[in-house]
Amino acid sequence: MQTHNNVRLDYLDAARAIALLLGIVFHASISFMPIFIGWAVMDISTNEAVPIFMLVSHSFRMALFFLIAGFFSHMTFHQQGAHGFLKSRLVRIGIPLVIGWFLLRPLLVLCWTMGTQSMRGEVEFKSAFSAAITSLSDLPSGLLIGTHLWFLYYLLLICAGVLLIRLLLGLLPSLKTRMTQLADKAITWFCHSQFSIVVLCLPTAACLWFMQHWGIDTPDKSLVPLIPVALLYAGFFLFGWLLQRQSSLMAGFSELTWLKFILCVISILVTLKLSAFEMQLSHPNFMLFKAGYMLSYALMMWLLVSISIGLCKRVFTAPNKYIRYLADSSYWLYLIHLPLVIGLQIAFAELAMYWLIKLVCIVAITILISILVYDGFVRSTFIGATLNGKRQSRLIFNLDKQH
């Protein structure tokens, strides 16, 4: 993404790419859980480290994505105005959501059915394919439900909410001025006080308290928004939106300090320790443990988001065409990865290999196939223009004239 001075913020592009790529690793790791949690397939090789990775990575990857989305959305809004912003959101978010759902939903049903069959001992592609096609015959029931594209739906809702708030404030100029001044003061304090993240944890923990499970719910079962999830991600989006208003704020928020690293490690350890009590409803200190979990989880979220951006700012200091390419492709990779991941999980499930080797293979093959499709059929086409804002030259197949 480029600023109004045509300077690309490579470190934020990299951070967003990391958030999306981490989602691929997250989904690829589910089949290696030591207990069956209702996923499409369960591998014969499992490991106790997988739930730890899943808990920690799930806590912040989407929060990081929504914060950066808010930052870039504010940039787009002030570059293009309300009309241009709305148009860009509908094109870059709405179109992938609708078309992606119709393309991916049958593939996911196919993979899910084959995964269930594989755990029973035999895969019948014909019946699985029939179930996949039949899944579309139930429309409009279940429309836009049942895939990993829920994050686009919530992003659209949040963007619409922000536009509505701005429209209403525009009708009351004096209130808008006071609210803007208050927001600027608050965000400045949050970015420059070492204890501000503790304050940010309170509303986040309040949202977490009303989730159906300990942690963040995945809202892919209904178009009716889950209010706690919507409020939580809206909070990160608005924080990113406000960060972009002043150039120095992101540097303050993402500053790397030993205190942040120490608090992050402590919050992760406390969260992991307290997670063991989620199912112990009869424990006399259950509510106390739950409150402690929500606070430590919220602290872990904010610190991991801040540290992730800070590390990217430290590492990706100079423009790199390969990092930019990966950042550009990451949106496409995340959109299409899930059927590939589940299909590979089914293929590897019965192989006598160490689980980590399988996981690396699944992730690597998924990314490789997705990158090849992206470079050959997406990047320089209208699809690439839809996802990334403009067509760009290929890198791998190099069929276009290089810029």
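The values are calculated or read from the model by the stated rules, or taken from the named source; none is laboratory data. Keep in mind the model is a prediction, meaning the values are calculated, not measured. In this analysis, Cβ positions are derived from the backbone assuming ideal geometry, glycine residues included, and neighbour counts consider all displayed protein chains. Ligands, DNA and RNA are stripped out before the accessible areas are found, and what is left, the full protein with its side chains, is counted by its heavy atoms. Shrake-Rupley method; radii C 1.70, N 1.55, O 1.52, S 1.80 Å.
Annotations for the structure displayed:
- Counting only helices (runs of 4 or more DSSP H) that fall entirely inside the stretch 159-244 and contain at least 3 residues that are over 30 Å from His148 (Cβ atoms) and open to solvent by 30 Å² or more (accessible area, probe 1.4 Å), the qualifying elements are 173-192.
- Pair list, Cβ under 7 Å, 6 or more apart: the stretch 352-372 residue over 17 Å from Leu333 (Cβ atoms), other residue of a type in the set (S, T, N, Q): Met353/Ser45; Tyr354/Ser45; Trp355/Ser45; Trp355/Thr46; Trp355/Asn47; Lys358/Ser45
- Residues (over 17 Å from Ile44 (Cβ atoms) and open to solvent by less than 10 Å² (accessible area, probe 1.4 Å)) located in the stretch 339-365: Val341
- Residues being part of a helix (DSSP H, G or I) and of a type in the set (Lys, Arg) are represented in the stretch 9-16 by at least one member.
- Criterion violated by Ala318 - all others in (1) modelled with pLDDT under 95; (2) among the aliphatic types (A, V, I, L, M); (3) in a helix (DSSP H, G or I) satisfied: (3)
- Selected residue [assigned to a helix (DSSP H, G or I), surrounded by fewer than 17 Cβ atoms within 10 Å (Cβ to Cβ) and hydroxyl-bearing (Ser, Thr, Tyr)] from Thr116, Thr76: Thr116
- Scanning the stretch 331-349 for residues that are in a helix (DSSP H, G or I), closer than 11 Å to Ser31 by Cα and not aromatic (Phe, Trp, Tyr) yields Val341, Ile342, Leu344, Gln345, Ile346.
- Sub-6 Å Cβ pairs linking a first residue in the stretch 280-309 that is modelled with pLDDT of 95 or more to a second residue that is of a type in the set (Val, Ile, Thr) and open to solvent by 50 Å² or more (accessible area, probe 1.4 Å), at least 6 apart or interchain, are Ser296/Val270, ordered by first then second residue.
- Residues of the stretch 135-146 that turn out to be open to solvent by 70 Å² or more (accessible area, probe 1.4 Å) and assigned to a helix (DSSP H, G or I), as a count: 2
- Exactly one residue out of Ala14, Ala40, Ala49, Ala82 is over 19 Å from Leu152 (Cβ atoms) and out of contact with any helix residue (DSSP H, G or I) (no Cβ under 8 Å at 6 or more places or on another chain): that is Ala49.
- Close pairs (9 angstrom Cβ cut-off, 6 or more residues apart or separate chains): acidic (Asp, Glu) in the stretch 119-135, surrounded by 13 or more Cβ atoms within 10 Å (Cβ to Cβ) anywhere: Glu124/Thr113; Glu124/Met114; Glu124/Gln117
- Across the stretch 293-331, the qualifying residues are those that are aromatic (Phe, Trp, Tyr) and crowded, with 23+ Cβ neighbours inside 10 Å, and the one among them that is nearest to the chain's Cα centre (by Cα) is Trp302.
- Test: Gly70 is touching a Gly at 6+ places or on another chain (Cβ under 6 Å), surrounded by 16 or more Cβ atoms within 10 Å (Cβ to Cβ) and either modelled with pLDDT of 95 or more or part of a helix (DSSP H, G or I) (or both): yes
- Members of the stretch 350-395 found to be over 21 Å from the mean Cα position of the chain (by Cα), assigned to a loop (DSSP other than H, G, I, E, B) and within 23 Å of Gly100 (Cβ to Cβ), listed by number: Arg379, Ser380, Thr381, Lys390, Arg391, Gln392, Arg394
- Whenever a residue of the stretch 159-172 is over 14 Å from Phe85 (Cβ atoms), its partners that are assigned to a helix (DSSP H, G or I), lying with C-beta atoms within less than 6 angstrom and at least six residues away or across chains, give the pairs Leu169/Lys176.
- Within the stretch 191-236, the residues that satisfy the criterion of being of a type outside the set (Phe, Trp, Tyr) and touching a Lys or Arg at 6+ places or on another chain (Cβ under 9 Å) are Gln194, Ile197.
- Hits in the stretch 44-60 (condition: open to solvent by 10 Å² or more (accessible area, probe 1.4 Å), within 30 Å of Tyr293 (Cβ to Cβ) and not aromatic (Phe, Trp, Tyr)): Ser45, Thr46, Asn47, Glu48, Ala49, Pro51, Ile52, Met54, Leu55, Val56, His58
- The numbered conditions (1) under 28 Å from Glu350 (Cα atoms); (2) part of a helix (DSSP H, G or I); (3) at pLDDT below 85; (4) open to solvent by 20 Å² or more (accessible area, probe 1.4 Å) are all true for Glu122 except (2).
- When the stretch 291-337 is filtered for residues that are among the aromatic types (Phe, Trp, Tyr) and in contact with a Ser or Thr (Cβ under 8 Å, 6 or more places away or on another chain), the ones remaining, listed by number, are Tyr293, Tyr297, Trp302, Trp332.
- Test: residue in the stretch 247-261 that is over 23 Å from the mean Cα position of the chain (by Cα), free of Cβ contacts under 8 Å to residues at least 40 places away in the same chain and in a helix (DSSP H, G or I): yes
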